[in-house]
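Structure record follows, encoded as structure tokens.
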Amino acid sequence: MKNEKKSERRLAYILVAPSLLLILAVAIWPVIQSFYFSLFDYRLNNPAKSSLHLDYSLNLERYLESYPFLMNALKQEVAQATGEEKEKLTSLQERLQQVDEEIRADEDVAKRYEQVDEILNNFEVPSEEIKIVPIDEQAAKDLMETMQDAKQTLKTLNENGQLKQGDKLTGLANGLSGAVIEPNFVGLAHYKNYFSDTRLWKALWNTTVFTVISVALELVLGLAIALLINKAFFGRGLVRATILIPWAIPTAVSALMWKFLYDGQNGIVAKYFADMGIINNMSELLTTGAGAMFAVIFSDVWKTTPYMALLLLAGLQTIPSSLYEAASIDGATKWQQFVKITLPLLKSSILVALLFRTLDAFRVFDLIFVLTGGGPANSTETISILAYKVMFSQTNFGGGSALAVIVFICVAIISTIYIKFLGADLISDRK
């Protein structure tokens with residue numbers, strides 16, 4: 001008996017393994033990768049931070065486009081200089097030469113150094129794999145310190161009119177100082193910055209308000225519609241199909257349609273709301289914070305209530321009609337039947353519907369992005385839209401990845417709360 005249970009358990013793991021591997025590849029791995037990216041100051045609009053660097057590196061192309069010319073220009077200046085000026089330039093020249101020797105002390109770096117130098121002499125462009133080379137931390141710091149002093153010295157001498165090629169020297173010094181690529185590992189700095197950022201908390205608040213209000217309204221309206229179309233009446237099939245039309249429309253198309261309907265000049269919905277006194281004037285729906293939030297919630301409720309009704313309808317059809325017949329014979333009213341029979345037996349379906357809709361609403365992006373773009377003044381900006389703006393508009397992949405991880409954590413917390421407090425009986429092992 002014991003061996004049979006072990007065999008069954010082993011078989012169960014084997015059958016579940018493909019699904020677990022698929023979940024790991026599709027869902028878990030991207031989150032792990034996003035968390036890894038969030039540990040770096042990863043910015044595509046900054047050449048020094050456009051890739052992940054744990055160690056100091058040197059851009060040999062930039063280095064060799066500046067160093068030989070800077071040394072040659074310094075040699076010419078030293079030949080014409082006198083006194084203290086000549087001493088400063090000579091000292092600078094010697095320090096740069098010493099740092100160059102320190103960089104080339106590594107055999108691998110020296111080999112790449114010669115390769116890139118030859119490529120540049122042939123007026124060709126070296127590849128990223130060749131021109132970016134890791135260097136010793138001390139050598140990198142020595143180069144940065146030397147270039148910092150060089151820029152200050154050359155700037156002072158140039159302002160005093162003591163250099164013949166002042167602008168050329170300062171330009172070459174600036175170019176050479178940018179050849180060092182520093183590590184862009186920042187650890188948990190992105191999370192620390194975001195958790196003290198009022199914009200993040202405002203986005204979370206907007207997301208929570210949107211989620212709570214829209215899901216609550218969709219649950220009430222969806223349950224009412226489900227109860228209605230669960231009854232037998234003439235044309236029920238046509239009514240069910242018609243109700244699902246809003247849900248079948250693509251979200252981007254639906255949002256664009258509502259944007260025209262909310263228009264402050266020609267929007268018919270905006271006009272009706274103004275005539276009914278819901279808003280003071282037609283333009284309020286998309287130009288004020290409260291109006292814009294109302295607009296996106298109203299649009300979302302219109303679109304996804306049919307989805308909620310469909311899930312609840314499936315649950316209603318599993319309830320035996322004999323229970324209602326027995327309750328009617330015992331004298332129970334319709335309300336008592338609803339409270340004592342429908343709601344308890346519909347609990348599982350309500351949980352599933354609430355879980356799906358809450359997670360979907362919390363991750364809302366396309367509806368709000370098309371309808372309001374997160375405006376006005378970020379009043380409808382959700383956490384997903386903020387992550388999109390940081391990652392793609394600002395090309396800050398490190399910060400955007402941190403926001404993506406925060407979204408994942410929030411979704412995981414919501415799922416845990418639902419299962420823990422509302423659906424414990426669904427996952428308990430009952431005999």
Checklist entry - When only residues in region 313-324 that are part of a helix (DSSP H, G or I) and in contact with a helix residue (DSSP H, G or I) (Cβ under 9 Å, 6 or more places away or on another chain) count, which is nearest to Ile229 (Cα to Cα)? => result Leu313
Checklist entry - Quick one: in region 226-272, which of the residues that are small (Gly, Ala, Ser) and open to solvent by 70 Å² or more (accessible area, probe 1.4 Å) is farthest from Asp300 (Cα to Cα)? => result Ala232
Checklist outcome for this item: Within region 70-108, residues basic (Lys, Arg) and without any contact (Cβ under 8 Å) to a residue 12 or more places away in the chain come out as Lys86, Arg104
Item to check | The one condition in (1) touching a residue at least 60 places away in the same chain (Cβ under 8 Å); (2) open to solvent by 30 Å² or more (accessible area, probe 1.4 Å); (3) of a type in the set (Asp, Glu) that Asp41 fails to fulfil | outcome: (2)
Checklist entry - Going by the conditions given, is Leu172 in the same structural domain as Lys88 (by the TED database), over 41 Å from the mean Cα position of the chain (by Cα), part of a helix (DSSP H, G or I) and more than 28 Å from Leu54 (Cβ to Cβ)? => result no
Checklist entry - Just for region 72-109: of the residues that are part of a helix (DSSP H, G or I) and β-branched (Val, Ile, Thr), which one is farthest from the chain's Cα centre (by Cα)? => result Val78
Next on the checklist: Please verify whether Ile119 is over 23 Å from Leu92 (Cβ atoms) and at pLDDT 85 or above, treating the condition exactly as stated.
Outcome noted: yes
Checklist outcome for this item: Only one of (1) crowded, with 17+ Cβ neighbours inside 10 Å; (2) modelled with pLDDT under 85 does not apply to Leu52, and that is (1)
Next on the checklist: Can you tell me which condition Leu176 does not meet? The list is (1) of a type outside the set (S, T, N, Q); (2) in contact (Cβ under 8 Å) with a residue 40 or more places away in the chain; (3) open to solvent by 30 Å² or more (accessible area, probe 1.4 Å), and all the others hold.
Outcome noted: (3)
Checklist outcome for this item: If we ask which residues in region 15-62 are among the hydrophobic types (A, V, I, L, M, F, W, C) and assigned to a loop (DSSP other than H, G, I, E, B), their number turns out to be 4
Next on the checklist: For region 97-144, give me each residue that is over 18 Å from Ala48 (Cβ atoms) and among the aliphatic types (A, V, I, L, M).
Outcome noted: Val99, Ala105, Val109, Ala110, Ile119, Leu120, Val125
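The values are calculated or read from the model by the stated rules, or taken from the named source; none is laboratory data. All values reported here derive from a predicted model rather than from experimental measurement. So basically every Cβ, Gly included, is an ideal-geometry build from the backbone, and we count neighbours across all protein chains shown. Quick note on the areas: whole protein, heavy atoms, side chains included, nothing else; ligands and nucleic acids left out. Shrake-Rupley method; radii C 1.70, N 1.55, O 1.52, S 1.80 Å.
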